[in-house]
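One structure is given here, and the rest of the page talks about it.
The values are calculated or read from the model by the stated rules, or taken from the named source; none is laboratory data. What you see is a predicted model; the values in this text were computed from it and never measured. Cβ placement follows ideal geometry from the backbone for every residue including glycine, while neighbour counts extend to all protein chains displayed. Side chains included, ligands, DNA and RNA excluded: accessible areas come from the protein's heavy atoms. Shrake-Rupley method; radii C 1.70, N 1.55, O 1.52, S 1.80 Å.
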Amino acid sequence: MGRFDGKTAFISGAGGGIGRACAQLLAAEGANVAVADIATAAAGDTVKLINSAGGTALAYPVDVTSGASVEEAVTSAQNDLGPVTLAVTAAGVIRNSPFLDLDEDSWDRTMAVNLKGTFLVLRAVARRAREHGGGAMVAVSSVAGRGARATAADYAASKAGVISVVRSAAQALAEHTITVNAICPGVVDTDMTRAIHQAKAKIEHITPQQSFDHQAAQIPLGRIVSPAEVAETAGFLLSPSAAYITGQAVNVCGGLEMN
């Protein structure tokens, strides 16, 4: 018996990184998984990985900045896979830029994907979960949402906003037996992390490896975290074991942040 037998989970940004790891974990523990991503080929690859391992998953194209696109994807997932009562919002973007060079378009794009996209997915899944006895949702924030980022002010602001939205959603949805929590990963072994350090290296006139090593050296546990490890925390928060936990933002960062 798996923790998520008979459940359907909608995961945005499931084409790679943390989203893919969450999709694989939930599928391995019995969930039917809607693999949602704007990158359709990547979503298809995630589905192949899950189905080849004996799980059940289908891919759904989605633009998380569009309410209509999110509603269509969640409706299709529910029609195909059953009542959607679980969600992970893992879609996100980052464009490193010094504060004085950060342009309005970049700011708007980051906010649209990271913050508005989180809200739209949480709202869409909550609407379905409310009709089916409750559910659980996890939004992927970041330790960047805990403090300042001189070369990623838009990203930090968007992730701080995710934590705020999660708290508001948790308060609003408690009466429907829907829990809502955030996870705040630190330095994760993903393509996005590598892209971050390539961009930071150019800004700071160092090598990407030097940029990475500088950040990694600040982690008390002395290593970066894998997407699978982050997914384990998300899985716990979605599981019955966390039924009395809501409105929280859980750091998964090896002690990089301790608040």
> Picking from A41, A14, which residue would you name as being part of a helix (DSSP H, G or I) and either touching a helix residue (DSSP H, G or I) at 6+ places or on another chain (Cβ under 8 Å) or of a type in the set (A, V, I, L, M, F, W, C) (or both)?
Replying inline: A41
> Using beta carbons and a limit of 9 Å, which pairs, at least six apart or on different chains, have the first residue in region 1-24 and in contact (Cβ under 8 Å) with a residue 24 or more places away in the chain and farther than 16 Å from A182 by Cα and the second one part of a loop (DSSP other than H, G, I, E, B) and of a type in the set (V, I, T)?
Replying inline: G15/I38; G16/T190; G17/T190
>> Can you find a residue that is within 25 Å of S241 (Cβ to Cβ) and either among the charged types (D, E, K, R) or open to solvent by 20 Å² or more (accessible area, probe 1.4 Å) (or both) anywhere in region 98-110?
In response: no
>> One residue is enough: does region 68-85 have a residue meeting the conditions open to solvent by 30 Å² or more (accessible area, probe 1.4 Å), closer than 21 Å to S226 by Cα and either at pLDDT 95 or above or within 17 Å of the chain's Cα centre (by Cα) (or both)?
In response: no
> Quick check, is S142 among the polar types (S, T, N, Q), in contact (Cβ under 8 Å) with a residue 24 or more places away in the chain and closer than 16 Å to V166 by Cα?
Replying inline: yes
> Pairs under 8 Å by beta carbon, first residue more than 21 Å from Q198 (Cβ to Cβ) in region 84-110, partner part of a loop (DSSP other than H, G, I, E, B) and aromatic (F, W, Y), six or more apart or different chains?
Replying inline: L86/F4
> Which of the residues belonging to region 29-66 are surrounded by 24 or more Cβ atoms within 10 Å (Cβ to Cβ) and among the charged types (D, E, K, R)?
Replying inline: D37
